[in-house]
Each structure stands twice: as C-alpha cells, then as structure tokens.
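Accompanying notes for the structure given below.
The values are calculated or read from the model by the stated rules, or taken from the named source; none is laboratory data. This one's a predicted model, so the numbers in the text were calculated from it and none came from an experiment. Cβ placement follows ideal geometry from the backbone for every residue including glycine, while neighbour counts extend to all protein chains displayed.
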Amino acid sequence: MDLVHQADHAWVLNVQRKLYQWSQNYPTEAYRELWNWLTDLRNLREAWRRVAQNKGKRTPGIDGITAGSIRQRIG
C-alpha cells in the first residue's frame, strides 16, 4: 500500500468514526459537514480504489460503464 492510499484510508476511517460519534451524541442534528466530507478528494480516491478492486469491477454500472473503461479513457 502506498503512502497516499494509507493516508486516504486513515482519513476516511477517521471521518467514519466522527460521524458515528456525532450520530450517537446528537441523533436529531443535521450533518452540516457531510457534503464536504463526501466530496473531499481523499474520500473520492478511496472510493475509487474500493470500486476498482472489488469483484464487480468488470460489471457496468447504471450508466453502462465499467471501472476498466474509465481507466482506459481517463487514466
């Protein structure tokens, strides 16, 4: 695992812990920072790694595109 991947993975786990703690402590509150966490580059890179490495990576999504075809087009 490279350092960027380790850092991204650790960041995502930290956010997940914060969200869990927040939900336990403030169950009726809104998650004001959720959009920022979801669209953070570290989260998107970690999500891509998980999707591109899972069993269904050759199965097209709802848009008909596979992870492999995205890699070929974008790099």
Restricting the first residue to segment 54-75 and requiring it to be of a type in the set (S, T, N, Q) and surrounded by 11 or more Cβ atoms within 10 Å (Cβ to Cβ), which pairs with a second residue that is outside any helix (DSSP H, G or I) and at pLDDT 85 or above meet a Cβ separation below 6 Å and a spacing of at least six or different chains?
T66/P60
Selection from segment 10-50 of residues under 20 Å from R71 (Cβ atoms) and in contact (Cβ under 8 Å) with a residue 24 or more places away in the chain yields R42, N43, R45, E46, R49
